[in-house]
Amino acid sequence: MIYGKGGCPVKIRQLSAVDAEKYWNLRLEALQEAPEAFLTTYEDAIKRENPIAQVESNLSTEGNYTFGAFDGDELIGVVTLIQEKAEKIQHRANIFAMYVTPKKQGAGVGEALLTEAIDKAKSIEAIEKINLSVMASNEPAKKLYTKLGFKVFGYEEKAMKLNGVYLDDEHRVLHL
């Protein structure tokens, strides 16, 4: 358990199929609130057939670990750690879909989520490093990743184009 601003208790745990609807609703919020942070658009997401079933499947897939931060029963943040499956790259894992609802940002929730994902990676003997990508303009996220030891190993100009504007990506790695 961690405590956010105002002493609000926040619990971090790995999500399971029973959390699929809460995850999907937060994911839709994320796509609306921070469209520059995700490859999927809100418009594409809402067109998916059976999205809750897809999320249930993802949350039950071996090597796929999604952690949620809860304020009471409300899911307020998520992060996913996925171990590579191919034999030659099983020593790698990737961080995806990191998001904290705006009203809880800056309260330590993101750090707690990411720490939980890193701890999970460390508990898996095969994983030696974690990769992630972050928009080069996302200073709060970059500050958090740096604080937790992620180093820049690459920079991709024009990685994404959103509403006619190009956005650059930083590629980061944490060696365990």
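Each reported figure results from applying straightforward, stated rules to the coordinates on display, with no laboratory input. These numbers come from a predicted model, not from an experiment. Every residue, glycine among them, receives a Cβ derived from its backbone with ideal geometry; neighbour counts consider all protein chains shown.
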Test set (1) crowded, with 16+ Cβ neighbours inside 10 Å; (2) closer than 18 Å to VAL100 by Cβ - LEU174 fails condition number: (2)
Test: residue in segment 76-84 that is farther than 21 Å from SER133 by Cα, under 13 Å from the mean Cα position of the chain (by Cα) and surrounded by 13 or more Cβ atoms within 10 Å (Cβ to Cβ): yes
Residues (polar (S, T, N, Q), outside any helix (DSSP H, G or I) and surrounded by 14 or more Cβ atoms within 10 Å (Cβ to Cβ)) located in segment 14-64: GLN14, ASN64
Of all residues in segment 104-129 being within 17 Å of THR146 (Cα to Cα) and among the β-branched types (Val, Ile, Thr), the one that is surrounded by the fewest Cβ atoms within 10 Å (Cβ to Cβ): THR115
Within segment 81-135, tally of residues that are farther than 15 Å from GLY68 by Cβ, outside any loop (DSSP other than H, G, I, E, B) and touching a strand residue (DSSP E or B) at 6+ places or on another chain (Cβ under 7 Å): 14
Test result for ARG48, more than 15 Å from LEU144 (Cβ to Cβ) and touching a helix residue (DSSP H, G or I) at 6+ places or on another chain (Cβ under 7 Å): yes
